[in-house]
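The values are calculated or read from the model by the stated rules, or taken from the named source; none is laboratory data. Not measured: the values here are computed from a predicted model. All Cβ positions, even for glycine, are placed from backbone atoms using ideal geometry, and neighbour counts span all protein chains on display.
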Amino acid sequence: MNPPAQPQPAVSAKRIAQLALPALVVLAAEPLYVLVDTAVVGHLGSIPLAAVAVGGTTMSVAAWLGTLMAYGTTGRAARRFGAGDRAAAVAEGVQASWLALAGGVLLALLAQPFAGPLAQALSGDPATAEAAAGWLRIAALGAPGLLLAAAGNGWMRGVQDTRRPLIFVLGANVLSAILCPVLVYPAGWGLAGSAVANVVAQSVSGGFFLYALIRETRHLRPSLQVIGQQVRLGRDLLIRGAAFQACFLSATAVASRFGVESVGAHQIALQLWFFSALALDAVAIAAQSLVGAALGAGSTAEARAVARKVTVAGGVAGIAFAVLVAAGSGHIAGWFTPDAGVHDQAALIWPWFIGLLPFAGVVYALDGVLIGAGDVRFLRDITLAAAVLGFLPAIWIAYFFDLGLGGIWAGLALLILIRFATTVWRWRSGRWAVVGVTR
């Protein structure tokens, strides 16, 4: 029998900020490093930049799996923590870490024979494909560390500990940001130096989280039963994530067909979008933890209060990001590459980017509410609908009618707006607020 639920403190903007601000740094650290990496590699030339675009998009599959693992673990751990059972919350992290280690090793092994075919499929240029495959074979070695860090982030957010993840992730990424330009230029490793720096960051971060887990509990044996339950419970997040991956992989493939300058501009804009998305997701991380804990403790009122506040915060943050991007739109592409052709292509993207950010802020906040509540089946269904009815048709129409990058980003607009309308409706309905340790 679980211990009695702990009383939940009243939700306040301060409490949300206490969880969201450290999470913001953790979320922003990896994409910020990728932006640094893109800027360093961009000065090697357009082909290396395009290679990182193709290889990085493929590696985003591992990052996607990590996000699924972190989000699923946060919701399960938060409900147990809210019910007063911290040991059970940490136990979720133990099993998630075993799953992460197995999945990361498998990805690293599979990347060696399949990097070449994948790069060729995503790139319309043989030189780009060859460079991307070499980068990917090295970068994939960091997959075990990346997934271990994701599992660690998940259970720590569940027990409302965002301080240690901040230290672990920030420290590893600062180290790698220093290594990247050193390995690429003075050491003379070129594109391979970028991949090695990625591996260092991910491995160091994963090691920190593993050490923290070992210090937290002595019950470290794997349980196939619990791991199986986690896999089954995460199936909706997996399908939802697969829809996103199909969208972004397809978008990169189509951009590659428009030329090296187009795919380079798409890489810059896409990484900035991911950076903005993850930064905006900080309030969603707080929502996952607080909503899960409130529902685990049996308080629907507390969960609804969190939902209201993070929705407003997400919209305000989205507007703030839009203003920043608008102010720098004439200069941002120049930070990453001197290529004038890339600059011209990037100019086609900025109006779409700026206009979508306020809507995206609300969508990401409500994603956090619904994931924390365990309402992932609904998220799965609306994401599939947005991908199949919006994003994918739009970008392939852009390809067949040669609409360029504007057509690709029109597809992203459909993806965001469909999800905006449906998540707001779900939030207002209140059907997501189901109490209990499990859903």
Look at residue 203 and say whether it is under 22 Å from residue 125 (Cα atoms), touching a residue at least 60 places away in the same chain (Cβ under 8 Å), surrounded by fewer than 22 Cβ atoms within 10 Å (Cβ to Cβ) and of a type in the set (Ser, Thr, Tyr). no
I'd like to know if the range 215-237 contains one or more residues that are hydrophobic (A, V, I, L, M, F, W, C), in contact with a helix residue (DSSP H, G or I) (Cβ under 9 Å, 6 or more places away or on another chain), crowded, with 19+ Cβ neighbours inside 10 Å and in a helix (DSSP H, G or I). yes
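Keeping to the range 309-342, report how many residues are without any contact (Cβ under 8 Å) to a residue 60 or more places away in the chain and either surrounded by 15 or more Cβ atoms within 10 Å (Cβ to Cβ) or in a helix (DSSP H, G or I) (or both).
Filtering the range 309-342 for residues without any contact (Cβ under 8 Å) to a residue 60 or more places away in the chain gives 312, 314-331, 334, 340.
In the following step, the residues that additionally are either surrounded by 15 or more Cβ atoms within 10 Å (Cβ to Cβ) or in a helix (DSSP H, G or I) (or both) were identified as 312, 314-329, 334, 340.
Counting residues in the range 309-342 that are without any contact (Cβ under 8 Å) to a residue 60 or more places away in the chain and either surrounded by 15 or more Cβ atoms within 10 Å (Cβ to Cβ) or in a helix (DSSP H, G or I) (or both) gives 19.
Among 397, 371, 382, which is within 30 Å of residue 47 (Cα to Cα) and among the β-branched types (Val, Ile, Thr)? Can you show your working first?
Details: 371 fails: within 30 Å of residue 47 (Cα to Cα); 382 fails: within 30 Å of residue 47 (Cα to Cα).
Only one candidate qualifies: 397.
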Restricting to the range 158-200, count the residues that are under 24 Å from residue 16 (Cβ atoms) and touching a Leu at 6+ places or on another chain (Cβ under 8 Å). 2
Consider residue 142 carefully, then state whether it is in contact with a Pro (Cβ under 8 Å, 6 or more places away or on another chain), in a helix (DSSP H, G or I) and either in contact (Cβ under 8 Å) with a residue 12 or more places away in the chain or aromatic (Phe, Trp, Tyr) (or both). no
Being hydrophobic (A, V, I, L, M, F, W, C), over 27 Å from residue 20 (Cβ atoms) and either more than 22 Å from the chain's Cα centre (by Cα) or buried (at least 24 other Cβ atoms within 10 Å of the Cβ) (or both) is the requirement here; does residue 306 meet it? no
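State all residues of the range 114-127 that are more than 21 Å from residue 245 (Cα to Cα) and either in contact with a helix residue (DSSP H, G or I) (Cβ under 7 Å, 6 or more places away or on another chain) or at pLDDT 95 or above (or both); if no residue qualifies, say none. Write out each step before concluding.
So the first thing to find is which residues in the range 114-127 are more than 21 Å from residue 245 (Cα to Cα), and the list is 125-127.
Answer for the range 114-127, where residues must be more than 21 Å from residue 245 (Cα to Cα) and either in contact with a helix residue (DSSP H, G or I) (Cβ under 7 Å, 6 or more places away or on another chain) or at pLDDT 95 or above (or both): 125, 127.
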Is it the case that residue 257 is over 25 Å from residue 413 (Cβ atoms) and surrounded by fewer than 18 Cβ atoms within 10 Å (Cβ to Cβ)? no
Would you confirm whether or not the range 425-437 contains a residue that is in contact (Cβ under 8 Å) with a residue 40 or more places away in the chain, within 30 Å of residue 35 (Cβ to Cβ), out of contact with any Phe, Trp or Tyr (no Cβ under 8 Å at 6 or more places or on another chain) and not small (Gly, Ala, Ser)? no
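Does residue 290 meet the test of being in contact with a Pro (Cβ under 9 Å, 6 or more places away or on another chain), in a helix (DSSP H, G or I) and modelled with pLDDT of 80 or more?
Values: in contact with a Pro (Cβ under 9 Å, 6 or more places away or on another chain): no; in a helix (DSSP H, G or I): yes; modelled with pLDDT of 80 or more: yes.
No, not satisfied.
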Checking residue 84 against (1) more than 19 Å from residue 159 (Cβ to Cβ); (2) not in a helix (DSSP H, G or I), which single condition isn't satisfied? (1)
Considering only the range 27-61, how many residues are crowded, with 23+ Cβ neighbours inside 10 Å and under 11 Å from the mean Cα position of the chain (by Cα)? 2
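Hey, any hits in the range 230-241 for a residue that's over 20 Å from residue 71 (Cβ atoms) and touching a residue at least 40 places away in the same chain (Cβ under 8 Å)? Give the steps one after another, and end with the answer.
Going residue by residue through the range 230-241, those that are over 20 Å from residue 71 (Cβ atoms) are none.
There is no residue in the range 230-241 that is over 20 Å from residue 71 (Cβ atoms) and touching a residue at least 40 places away in the same chain (Cβ under 8 Å).
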Checking the structure you have, find out if any residue of the range 64-86 is at pLDDT 85 or above, surrounded by 19 or more Cβ atoms within 10 Å (Cβ to Cβ) and of a type in the set (Val, Ile, Thr). yes
